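Novice: Next up is a structure, given as structure tokens.
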Amino acid sequence: MTAANSSGFPIESIRLDGGRPCLDFVNTVHDRLATVPLDYLATPGQYLEWCLRAHLLNGQEAERMAVTAAVMGEVQIFREHLHALLSARIDGTPVPAKALRECDRWLHQAWTNLSLDPGSSDSCGWLFYDDSKGGQRRWCSMEACGTIEKMRRYRRSGSEGVPRRRKALV
């Protein structure tokens, strides 16, 4: 599909009504049935701005991203294949083989670059994406598992000779 460039269209005006990021992503082409649809993500800047607006990236992640023209071409191709796959699912028709292959290729590529870790707490079965600078994140959240794990470590160290504070009897 060839879409018209929408470099002047404000990203904050794009509606996010799909209910899921993948649906909002395929909806970044306005009026697919038009002779020349409008592509809201025609430039690397628009793509990054949309990712921020859709909460797919935070500011630090967006600053580290280098979105080239070649990457944008891949993004647009992926979006079309994802649209074909989702449309087939909605219509109850077979998914086009090429769309399935391309979406599968993207998924495998994402898996190779993804840093998923299990929480180190014995009481939590959550997985999380480690985006810390040093790649040393240990808990799903400090407020939940981090606090519990630190308390356990403190108590273990207390039984090995580290003095604990006690309230004085008055």
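Novice: Could you tell me how many of the residues in region 26-73 are at pLDDT below 90 and at positive phi?
Specialist: 1
Novice: Here's a follow-up. Find all pairs meeting these conditions: Cβ atoms under 6 angstrom apart; at least six residues apart or on different chains; first residue within region 41-70 and free of Cβ contacts under 8 Å to residues at least 60 places away in the same chain and within 19 Å of ILE14 (Cα to Cα); second residue surrounded by 14 or more Cβ atoms within 10 Å (Cβ to Cβ) and hydroxyl-bearing (Ser, Thr, Tyr).
Specialist: Pairs that qualify, where the first residue is free of Cβ contacts under 8 Å to residues at least 60 places away in the same chain and within 19 Å of ILE14 (Cα to Cα) and the partner is surrounded by 14 or more Cβ atoms within 10 Å (Cβ to Cβ) and hydroxyl-bearing (Ser, Thr, Tyr), are LEU41/THR28; LEU41/TYR47; ALA42/SER6.
Novice: Looking only at region 29-75, count how many residues are in contact with a strand residue (DSSP E or B) (Cβ under 7 Å, 6 or more places away or on another chain) and surrounded by 15 or more Cβ atoms within 10 Å (Cβ to Cβ).
Specialist: Qualifying residue count, region 29-75: 7.
Novice: When you scan region 138-154, how many residues do you find that are modelled with pLDDT under 70 and either basic (Lys, Arg) or in a helix (DSSP H, G or I) (or both)?
Specialist: Residues of region 138-154 modelled with pLDDT under 70: 138-140, 144.
When the remaining residues are screened for being either basic (Lys, Arg) or in a helix (DSSP H, G or I) (or both), the result is 138, 144.
Adding up the residues that qualify gives 2.
Novice: How about region 88-123: which of its residues are over 22 Å from the mean Cα position of the chain (by Cα) and either surrounded by 15 or more Cβ atoms within 10 Å (Cβ to Cβ) or at pLDDT 80 or above (or both)?
Specialist: ALA88, ARG89, ILE90, ASP91, GLY92, THR93, PRO94, VAL95, PRO96, ALA97, LYS98, SER121
The values are calculated or read from the model by the stated rules, or taken from the named source; none is laboratory data. The structure displayed is predicted, hence computed values, not measured ones. Virtual Cβ from ideal backbone geometry, glycine too; neighbours counted across all protein chains shown.
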